[in-house]
Amino acid sequence: MESTSAKLLLFLFILSHYYLQATSSRVLSISPIPNEALPTRSGYLQVNSTTKSAMFYTFYEAKEPNSSLSETPILIWLQGGPGCSSMLGNFYELGPWRVVSSQGHNVEHLKLEPNSGSWNRLFGLVFIDNPIGTGFSVATTTEEIPRDQHAVGKHLFKAIKAFVALDSLFKTRPIFVTGESYAGKYVPAIGYYILKRNARLPKGNQVNLAGVAIGNGLTDPITQVATHAMSAYFSGLINEKQKTRLEEAQDKAIGLIKVGNWSGATNARTKVLNLLQNMTGLATLYDFRRLVAYEDYLVEDYLSSMEVKKALGANASIAFEVCSDKVGDILHEDVMKSVKYMVEFLVKHTKVLLYQGQFDLRDGVVSTEAWMKKMKWDGIEKFLEADRKVWKVKEKLAGYVQIWGSLSHAIVSNAGHLVPTDQAVNSQVMIEDWVLDRGLFANKEIVDPSAPSYDSK
């Protein structure tokens, strides 16, 4: 035993640039983070001064800001789940560097490569592991982990305030909160919380919220759960008999929501999705074109490296998981509760972007359009009457955009649930144009309504 350990230590010393991890079926070689890939800042943002519970974050400053840093927007990214780490977004979707895998000599090599579609080209970009207990974030006690979106908003508000306090230049920069999937609830929750708190705070203590963006979000479950059968049927994935069976399962979930049986409703939705999965035989409902599921496990493998954890400033004792079952279980009863009213409040006071990958069967285009039509907002009729325009990037079809006033809706072509993973550059163009009010994403009042499309160069 001692001899084997000595050999292993010697081997690790010789290969100082690699961290080896063995499993029953895979042998991994994990390269350290290159200096140029390190975050500008990273660490912990305290949300409870008594217990020391804190959220882990990584911040990447804008690479090519087109204004002074004091005016350069900051994007905050929140992952979904519930309980999934925003390091997935960082190292697999929209961060400046992505984990990639290659094979050699029976060893799988993991390393970082630059992402040409990173969202920090023009803007500062913050990834926050939310809620506490997720990813590298610390929940000192299980009882502190949020069980509803009000608690989520309260913790995120403290974390954002703590982040802004790190640098005097942060206070004046516009903040846009973004996220995907279950963050279709987190993003409205923190946006709503910020606006409500700002109304009671002096100007100097307010959070400078400038807008929110939700990708493939679960926002109004009672409406969205009713769309799976129709979406799959008209995509040619199930027949009419299967559609009827799926609709019956959906109706059970809706009935449980109506009587406030939240845990039962969540379980019923899971049955709907499992039934759809079994009917279609797809590799993943997150993108019905894929022959294999998204490889998000690469991020978990990469962040298991002690050297990588230390380089990021994360608590090295935490066994990193892409998604926490514990946090998911705690938020189980929250899953089917709607935050549509929060989006309705936000669209009246700031700008909102809703976007979906074209081929997502879980939280895709049909499910989002269904709840958008039910929004209680004075502008919804004009939005629904607005033209849906062809959106091009470098003369190639990128998707479709519909906008009126403060609400924008984008469908991203050739993408599934993880839009930035599937369409890195196009997602970058989308977020940049929306934040900067350019092209099809400019306010309708200043856009030529006769223009058939916008070609982003």
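Computed values, structure above
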| read-out | value |
| --- | --- |
| Sole exception among (1) polar (S, T, N, Q); (2) farther than 28 Å from Pro39 by Cβ; (3) out of contact with any strand residue (DSSP E or B) (no Cβ under 6 Å at 6 or more places or on another chain) for Asn315, by number | (2) |
| Residue list for the stretch 212-254, filter: touching a Lys or Arg at 6+ places or on another chain (Cβ under 7 Å), assigned to a loop (DSSP other than H, G, I, E, B) and either surrounded by fewer than 18 Cβ atoms within 10 Å (Cβ to Cβ) or among the hydroxyl-bearing types (Ser, Thr, Tyr) (or both) | Thr219 |
| Residue within the stretch 43-60 that is touching a Pro at 6+ places or on another chain (Cβ under 8 Å), assigned to a loop (DSSP other than H, G, I, E, B), of a type outside the set (A, V, I, L, M) and at pLDDT 95 or above present | no |
| Checking Asn267 against (1) surrounded by fewer than 15 Cβ atoms within 10 Å (Cβ to Cβ); (2) without any contact (Cβ under 8 Å) to a residue 12 or more places away in the chain, the condition it does not meet | (1) |
| Matching residues, the stretch 363-390, being surrounded by fewer than 21 Cβ atoms within 10 Å (Cβ to Cβ), in a loop (DSSP other than H, G, I, E, B) and of a type in the set (D, E, K, R) | Lys373, Lys374, Lys376, Asp378, Asp387 |
| Which numbered condition Ala293 misses (of (1) buried (at least 19 other Cβ atoms within 10 Å of the Cβ); (2) within 29 Å of Ser29 (Cα to Cα)) | (1) |
| In the stretch 95-147, residue surrounded by the most Cβ atoms within 10 Å (Cβ to Cβ) [restricted to those that are without any contact (Cβ under 8 Å) to a residue 12 or more places away in the chain and in a strand (DSSP E or B)] | Ser102 |
| Those residues of the stretch 391-421 which are buried (at least 16 other Cβ atoms within 10 Å of the Cβ), of a type in the set (A, V, I, L, M) and part of a strand (DSSP E or B), in sequence order | Val393, Ala398, Val401, Ile403, Leu407, Ala410, Ile411, Val412 |
| Pair list, Cβ under 7 Å, 6 or more apart: the stretch 236-248 residue on the phi < 0 side of the Ramachandran plot and of a type in the set (Asp, Glu), other residue surrounded by 12 or more Cβ atoms within 10 Å (Cβ to Cβ) and at pLDDT 95 or above | Glu247/Ala229 |
| The stretch 368-390 residues that are closer than 18 Å to Met342 by Cα, paired with ones that are surrounded by 16 or more Cβ atoms within 10 Å (Cβ to Cβ) and of a type in the set (Ser, Thr, Tyr) (beta carbon under 6 Å, 6 or more apart) | Ala370/Thr223; Ala370/Thr227; Trp371/Thr223 |
| Those residues of the stretch 196-211 which are closer than 24 Å to Ser168 by Cβ and in a helix (DSSP H, G or I), in sequence order | Arg197, Asn198, Lys203, Gly204, Asn205 |
| Some residue of the stretch 323-334 being assigned to a helix (DSSP H, G or I) and more than 22 Å from Arg147 (Cβ to Cβ) | no |
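The values are calculated or read from the model by the stated rules, or taken from the named source; none is laboratory data. Since the model is a prediction, treat every value here as computed from it, not as a measurement. In this analysis, Cβ positions are derived from the backbone assuming ideal geometry, glycine residues included, and neighbour counts consider all displayed protein chains.
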